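> Handing you a structure now.
The values are calculated or read from the model by the stated rules, or taken from the named source; none is laboratory data. Model, not experiment: these values are computed from the prediction. Because the Cβ atoms are built from the backbone with ideal geometry, glycine has one as well, and the counts that use them run over all protein chains shown.
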C-alpha cells in the first residue's frame, strides 16, 4: 500500500516526544509540512524538534 503525502499540509501528533513519532515529525517538518504535537512529558528530543528546520 502506497501513501502519498503530497496534499498534506499540516500534521498533528499525540505523543510527539517519543523516539519514533519525533523522528517522523522531524522528517515531515524537513519536507516542508507544518508539524504540531502534544505529549504529557517534555523530553530533550522535543526541544531538538522545536529547534529543527
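> Please find, among 32, 15, the residue that is at pLDDT 90 or above, touching a helix residue (DSSP H, G or I) at 6+ places or on another chain (Cβ under 8 Å) and on the phi > 0 side of the Ramachandran plot.
So the residue among 32, 15 that is at pLDDT 90 or above, touching a helix residue (DSSP H, G or I) at 6+ places or on another chain (Cβ under 8 Å) and on the phi > 0 side of the Ramachandran plot is 15.
> Follow-up question, since we're still on this one. Among what's in the stretch 16-42 and is part of a helix (DSSP H, G or I) and free of Cβ contacts under 8 Å to residues at least 24 places away in the same chain, pick the residue that is surrounded by the fewest Cβ atoms within 10 Å (Cβ to Cβ).
Across the stretch 16-42, the extreme among qualifying residues is 20.
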